[in-house]
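The structure appears right after this line, and notes come after that.
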Amino acid sequence: MAADIVLQVSNVSKKFVRGEIHDSLRDLIPAMAARLTGRSRPSAAKKDFWALQNVSFELTRGEAFGIIGSNGAGKSTILKLITGIMKPTSGHITVTGKLSALIEVGAGFHPDLTGRENIYLNGTILGMKKAEIDRKFDAIVEFSGLADFIDTPVKRYSTGMYARLGFSVAAHVDPDILIVDEVLSVGDVVFQNRCLERMNTILRSGATVIFVSHNLRAIAELCPRSILLEHGKVTAAGPSQLVMDTYLEHAGAEGRQSASKEVGISRVKVRRSNANSVAYDSGEKIWVDVDVDCKGPCEPFSVVLFLNDEKQYEAFHTSTEYLGCQPIAMKPGDRFSCTFELDLNLAGGTFYLGVELFRFNNEELIHVFYPAQTIFVNTLTEVRGVVNPRPKVTAFELLRPGEPTKEAMKR
Amino acid sequence: MVESLQELFARRDLLYMIAWREIRIRYKQSVMGFMWAILLPAVIVTAGIIVRYGMSVMSGKPISGQEIAGITVKGLVWAFFAGALRFSSTSLIGNPNLVTKIYMPREIFPLASVLSQLLDFGVAAGIVLIVFVITRLGASWQLLWVPVLLFITVALATGWALILSAACLFFRDVKYLVEVIITFAIFITPVFYDVEMFKKWANLLMLNPLAPLIEGFERTIVYGRAPDLPWLAYSSAIAFVSLVLGFYLFKRWEPAFAESI
């Protein structure tokens, strides 16, 4: 068992020093002189910042492992420690085998060099030998789909092309451990899928993959197990679905707005018929329970429910008013609750649910609770985008004008 | 330290590639292309010849062909040494992406700078060699010293390059300091003159570890004489210590590179 552990991170902490740092001799020499002569003014206390605290986890060979966390949670730091770019302040990291990281694809590219030259340059940077690149060159170019531009300087590439070439090189390194950080956010859907396929291939070949992202959909598809990093600490570990639930619940909690006025939303709960969840299948029926408390006198209002996608575009909104309910008139001490039923005809992805208390007659916004809940809709293969209008192919024929008969190809 | 050296050896392809990149970019961006390899040495050699001509006019002794050949040799070595230090000192801060985002033995950057300068030196030296053959400058067995001298010079440059590149990363003003020192150092290094001209002060000048090397190149190539062995031993010792210390310090400071750059 122990032999199969390819990465062991035990009690790793990383401290960054903020505050008085001399980055030029011009500053350092006077400071040192002052210290020597004892005339040093008590300098502002150095502020230590712990980017990671006592992080531990283990990876076995062939495992796909996800690291989830919002920005600034320490995801990048842990990767830099694993790859050896930085050293931990305390704790140990043991890596067995060849490690390759896609922390930022194309980081080693030079804009003035051509695609071909950059493949060689980046390949060696990522740890390949020249002979190895010679061997894999055609496969790399083929994978990137950039054969026509391979002798063009990469400064003329678009961002997407740049990322594709970078990923193509990195994906052919054949590492024992592959670290992937947020690369899939670049490139079109077709290429993203190819990246996922490629990572699956790498996994099947027996390598270990660490996947860091807030692209929850991709993590769910690839990694059975993950950890959640929050403020430099591991707050959840285990099966990805559970870890993701914790992440989404916490993300919801952070967006909570306290009801400062007389009336406010006290609770929003999303559930399927029997149980709470944050992950649903497309087309599933869900219920949203909204509770409202009233502390002081208030005018009648309606409850608005809306859903935004990952990019914060509105997927839809509705309200009790639109749905034919009377405005709600509450007296201090009253409690009100309502439940919305929705058919979740959404394409796969992450959505943010919000609730508002709104007075339609004078357009007054009384209370916003957003994101009240983050929900995760499982990917469908048949649609991309925001909605799932349940498309079907009802006719499928090829017309060729030169020929007398119409040749139909029934699907 | 042994492990670090093994790792460096394992990544030698990367070293060649980074050096190749440095050369490729330098030549790609300029109309003159490969002329850059000989431009800077040519300027230094020309300046040296002018200075020497001025001296000969003052003293009334005509300038000899050997003296011109000597200045050419010394100018080339100096151009390599100064270039190696100049380019290596900015080699880490010039590649922030690679230092902060991808792991690799970082000594590759200063080493690649030295290597690319060595290549430029090779081009310039090749041209000079052709000139020497045409002018029938005599060859002797003493030329066998040249690889030894070159090796020690490269070792010295590499040791200093390692320290300077790291120092430039931690302290932003070191690179200006390096420029100033390189500009000034040509006066305390026997490039335009010979140490013998200074008679009893000659030994003081030889304390500059580059001086015995530069003098050695001139003596072996132009005059067919063996280098001054005690002074050469002194330079070798300094070069060895610089190299070992440079590598040791570089490796010690390396973990802090990514967060300090």
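Some values worked out for this structure:
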{"quantity": "Lys, Arg +1 and Asp, Glu -1 on Cβ, resulting dipole of the protein assembly as shown about Cα centre, debye, nearest 20", "calculated": "1800 debye"}
{"quantity": "Sorted by Cβ density within 10 Å, fewest first, the residues B:ARG219, A:ARG271", "calculated": "A:ARG271, B:ARG219"}
{"quantity": "Degrees, to the nearest 10: B:145-170 long Cα axis against longest axis of chain B", "calculated": "40 degrees"}
{"quantity": "Average beta-carbon neighbours from other chains, 10 Å sphere, peptide A:76-83", "calculated": "2"}
{"quantity": "Ranking of B:ILE63, B:ILE93, A:ILE78, A:ILE29 by count of other Cβ atoms within 10 Å, fewest first", "calculated": "A:ILE29, B:ILE63, B:ILE93, A:ILE78"}
{"quantity": "Those aspartates and glutamates that a straight Cα-Cα span of less than 19 Å connects to B:LYS28, excepting residues fewer than 8 apart in one chain", "calculated": "A:ASP112, A:GLU117, A:ASP151, B:ASP120"}
{"quantity": "Overall form of segment B:1-78 per C-alpha gyration tensor (a/c, 1.5; a/b vs b/c)", "calculated": "oblate"}
{"quantity": "Extension gain, A:THR94 back to A:LEU196 (0.36 nm per residue minus Cα-Cα distance, nm)", "calculated": "34.0 nm"}
{"quantity": "Cα-based Rg of segment A:92-172 normalised by 2.2 N^0.38 Å, two decimals", "calculated": "1.09"}
{"quantity": "Three-way shape label, segment A:321-392, alpha-carbon gyration tensor, a/c 1.5", "calculated": "prolate"}
{"quantity": "Descending principal axes extents, segment B:195-261, alpha-carbon based, whole Å", "calculated": "51, 24, 20"}
{"quantity": "Rh by Kirkwood over Cα pairs, then Stokes-Einstein D for segment B:120-189 at 0.692 mPa s and 37 °C, µm²/s", "calculated": "218 µm²/s"}
{"quantity": "Least to most buried among A:ASP291, A:ASP48, B:ASP13 (fewest other Cβ within 10 Å first)", "calculated": "A:ASP48, A:ASP291, B:ASP13"}
{"quantity": "Tail weight of P(r) past 21 Å, computed on alpha-carbon pairs of segment B:1-151, percent", "calculated": "56 percent"}
{"quantity": "Ranked by how many other beta carbons lie within 10 Å on average, peptides A:366-375, A:352-361, A:136-145 from highest", "calculated": "A:366-375, A:352-361, A:136-145"}
{"quantity": "Descending semi-axes in Å of chain B, equivalent ellipsoid built from Cα gyration tensor", "calculated": "33, 20, 18"}
{"quantity": "Values of log10 I(q)/I(0), in the order q = 0.13, 0.15, 0.22, 0.32 Å⁻¹, for segment A:353-397 under a Debye, Cα-only, solvent-free model", "calculated": "-0.58, -0.66, -0.85, -1.11"}
{"quantity": "Cα convex hull volume per residue for segment A:52-106 (Å³)", "calculated": "112 Å³"}
{"quantity": "Spatial separation of Cα centroids for segment B:1-74 and segment A:340-366, in angstrom", "calculated": "71 Å"}
{"quantity": "Within straight-line cross-link reach of B:LYS200, aspartates and glutamates at Cα separation under 19 Å, skipping those fewer than 8 residues along the same chain", "calculated": "B:GLU215, B:ASP228"}
{"quantity": "Taking the C-alpha atoms of chain A, convex hull volume expressed per residue in Å³", "calculated": "275 Å³"}
{"quantity": "Per-residue average of Cβ from other chains inside 10 Å of A:272-280", "calculated": "0"}
{"quantity": "Computed [θ] at 222 nm, deg cm²/dmol, chain A (DSSP H ≥ 4; -39,500 (n - 2.57); rounded to nearest 500)", "calculated": "-7500 deg cm²/dmol"}
{"quantity": "Cα→Cβ-extended label distance, 7 Å offset, between A:ARG116 and B:VAL244, nm", "calculated": "4.7 nm"}
{"quantity": "For A:ALA372, distant residues with modelled amide H under 5 Å away", "calculated": "A:LEU353, A:GLY354, A:VAL355"}
{"quantity": "Shielding by other protein chains, A:124-133, mean Cβ within 10 Å", "calculated": "5"}
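Read-outs: derived from the displayed coordinates by stated rules, not from any lab. Source: prediction; values computed, not measured. Positions of Cβ are generated from backbone atoms using ideal geometry, with glycine treated the same way; all protein chains shown enter the neighbour counts.
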